[in-house]
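Okay, structure first, notes after.
Please treat every number below as a calculation from the coordinates, not as lab data. Computed from a prediction, not measured in an experiment: that's the story for all the values here. Here the Cβ positions follow ideal geometry from the backbone for every residue, glycine too, while neighbour counts run over all protein chains shown.
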Amino acid sequence: MDIENAAGFSGVPDGFERLWTPYRMAYIEGGERPKTGAARECPFCLASKGDDVEKLIVYRGELAFAVLNLFPYSPGHLLVCPYRHVADYTDITAGEANEIAALSAQAMRVLRKVSSPAGFNLGINQGQVAGAGIAAHLHQHVVPRWHGDSNFFPIIAQTKAIPQLLGDTRKLLADAWG
């Protein structure tokens, strides 16, 4: 079957390798995401006002904080968020930008100390179209990576291997933050 006649069929070879991640559909379809951009529904705003252990906050700075991702790509996947409910990177203050950068760097140092990742993915998905699950509140991802950390479990067994409970990860990182 040639590509012109294959429109609408999944799995047709087109030169791209794909990693299907159906386990993330619960998140993509809205799970924990706010229904609007309102701060009163924002999980980051709510977390910032809650108990650190319960809300999985690892560290609180003056203008930003580090919190574990409830839907981690890998163990220790942190989000660095300003306290202020702001959506766009161009709208944060210089102080917020500096603290987000400093906390991201400290997160990398702490993760290296406690779990020895081989590398990191760092990034901000700006806007829903760019992949931001919670586009209404800016957040920087700090994702530790290890050789071979992506495997066949999510695809074949609909199982994601996260070897540590979020609460245990939070305690380990918070204790090491220093």
- Arrange the peptides 96-105, 132-141 so that the one whose residues have, on average, the most other Cβ atoms within 10 Å appears first. 132-141, 96-105
- If amide H atoms are built 1.01 Å from N in the plane of the peptide, which residues on other chains or at least 5 residues away come under 5 Å of the amide H of VAL86? LEU138
- Computed on Cα atoms only, the convex hull of the range 108-147 has an orientation-averaged projected area in nm² of 3.3
